[in-house]
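Below you'll find the structure, written out as structure tokens, and then a few comments.
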Amino acid sequence: MSYITVGKENEADIQIYYKDWGGGQPIVFSHGWPLSADDWDPQMLFFLNQGYRVIAHDRRGHGRSTQTGDGHDMDHYADDLAALTKHLDLKDAVHVGHSTGGGEVVRYLARHGESRVAKAVMISAVPPLMVKTENNPGGLPKEVFDNFQAQLAINRAQFYLDVPTGPFYGFNRPGAKASQGVIRNWWRQGMKGGAKAHYDGIVAFSQTDFTEDLKKITVPVLVMHGDDDQIVPYADSAPLSAKLLKNGTLKTYKGFPHGMPTTEAATINADLLAFVKP
């Protein structure tokens, strides 16, 4: 298993787990809350077979990475990603982020620059800002996210069954065919991580304003979002991000859910490949 050390907490090393497969142009995947690098299996296998080098890490406090008590904010997420890209000396990389991972990629590009990056992709991503504020009237009320934290604190194991069984993959829609394997895999990934990281991460993904970050990005960015996303509502996310980007392209998927990289992998992979290819 591969790890890099990104700092210390209480004299113990903070280690970030990562996978690094294949050769060719690197594609770096940043996962959503509260999952792990394993959530990218359909994409990593596909692009590996297309001749790319594929890399994914477990965010701090998630998956196999150190369960730190602190540092669960977008700056630390971005800094950990930068440490990984530097450690691997990546060049001409394509960064792909899903949900919270989309915010991580945006903050990474804005905070650490684009010298190692060719393109980026935001899938069902949280930017520009999820929570409702005076300047973001279309956002979700803070009480929605407070409730997420309350459910996590009371019974995380049950909460992590309810989310994938219902809104995450759209399995709560009429006629939807739920996959028990997908639900159990979401639960497995979530329960592997730390409760503190996931609790704090709800604030990080919902209250971080990426407006100024998006304005700084100059590389081509594909913004992919389903219009039936019940986790990150479409109208207050993807179209706004695409407008703020200097070189953004919006691609909207009718009826697709938040977890579309898993449930609609064939479509998503084909569109990613078309964008990534020179």
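The values are calculated or read from the model by the stated rules, or taken from the named source; none is laboratory data. None of these values were measured; they are calculated from a predicted model. Using ideal geometry, Cβ is built from the backbone for each residue, glycine included, and neighbour counts are taken over all protein chains shown. Just the protein is used for accessible areas: all its heavy atoms, side chains included, with ligands, DNA and RNA removed. Shrake-Rupley method; radii C 1.70, N 1.55, O 1.52, S 1.80 Å.
The residue list Tyr3, Tyr18 contains one member that is in a strand (DSSP E or B), closer than 30 Å to Leu244 by Cβ, aromatic (Phe, Trp, Tyr) and open to solvent by 10 Å² or more (accessible area, probe 1.4 Å), which is Tyr18.
Would you confirm whether any residue within segment 212-219 is of a type outside the set (Ser, Thr, Tyr), open to solvent by 40 Å² or more (accessible area, probe 1.4 Å) and over 19 Å from Gly101 (Cβ atoms)? Among the residues of segment 212-219, at least one is of a type outside the set (Ser, Thr, Tyr), open to solvent by 40 Å² or more (accessible area, probe 1.4 Å) and over 19 Å from Gly101 (Cβ atoms), which makes the answer yes. Filter segment 165-181 down to the residues that are in contact with a Gly (Cβ under 8 Å, 6 or more places away or on another chain) and under 21 Å from Gly63 (Cβ atoms) and list them by number. Phe168, Tyr169 - these are the residues of segment 165-181 that are in contact with a Gly (Cβ under 8 Å, 6 or more places away or on another chain) and under 21 Å from Gly63 (Cβ atoms). Only residues that are hydroxyl-bearing (Ser, Thr, Tyr) and touching a residue at least 60 places away in the same chain (Cβ under 8 Å): list them for segment 200-259, please. Once the filter is applied, which keeps residues that are hydroxyl-bearing (Ser, Thr, Tyr) and touching a residue at least 60 places away in the same chain (Cβ under 8 Å), segment 200-259 yields Ser206, Thr208, Thr211, Thr218, Ser237, Ser241.
Condition check ((1) in a loop (DSSP other than H, G, I, E, B); (2) not charged (D, E, K, R)) across all residues:
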{"residue": "Asn172", "(1), (2)": "yes, yes"}
{"residue": "Gly175", "(1), (2)": "yes, yes"}
{"residue": "Arg188", "(1), (2)": "no, no"}
{"residue": "Glu212", "(1), (2)": "no, no"}
{"residue": "Lys251", "(1), (2)": "no, no"}
{"residue": "Phe256", "(1), (2)": "yes, yes"}
{"residue": "Ala270", "(1), (2)": "no, yes"}
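Within segment 139-150, residues that are under 16 Å from Trp33 (Cβ atoms) reach partners that are open to solvent by 40 Å² or more (accessible area, probe 1.4 Å) and of a type in the set (A, V, I, L, M) with beta carbons closer than 9 Å, at six or more positions or on different chains, in the pairs Phe145/Val203; Gln149/Val203. For beta carbons closer than 6 Å, sequence separation of 6+ or different chains, a first residue in segment 178-194 that is under 26 Å from Thr68 (Cα atoms) and in contact (Cβ under 8 Å) with a residue 60 or more places away in the chain and a second that is assigned to a helix (DSSP H, G or I) and of a type outside the set (Ser, Thr, Tyr), the qualifying pairs are Trp186/Pro164; Gln189/Asp38. Scanning segment 1-23 for residues that are among the aromatic types (Phe, Trp, Tyr) and within 14 Å of Arg64 (Cα to Cα) returns Tyr3, Tyr17, Tyr18. In summary, Trp187 fulfils each of the numbered conditions (1) open to solvent by less than 70 Å² (accessible area, probe 1.4 Å); (2) more than 29 Å from Gly113 (Cβ to Cβ); (3) of a type in the set (A, V, I, L, M, F, W, C) with the single exception of condition (1). Out of everything in segment 220-240 that is more than 15 Å from the chain's Cα centre (by Cα) and assigned to a helix (DSSP H, G or I), what residue ends up being surrounded by the fewest Cβ atoms within 10 Å (Cβ to Cβ)? Among them, the one singled out is Ala235. A residue that is at pLDDT 95 or above, open to solvent by 50 Å² or more (accessible area, probe 1.4 Å) and over 24 Å from Asp13 (Cα atoms) cannot be found anywhere in segment 94-107. Could we say that Gly32 is open to solvent by less than 30 Å² (accessible area, probe 1.4 Å), in contact with a helix residue (DSSP H, G or I) (Cβ under 7 Å, 6 or more places away or on another chain), part of a loop (DSSP other than H, G, I, E, B) and over 20 Å from Glu264 (Cβ atoms) here? Here the answer is no, as Gly32 does not meet what is asked. Residue check: is Lys196 open to solvent by 50 Å² or more (accessible area, probe 1.4 Å), in a helix (DSSP H, G or I), of a type in the set (D, E, K, R) and in contact with a Leu (Cβ under 9 Å, 6 or more places away or on another chain)? Criteria not met by Lys196.
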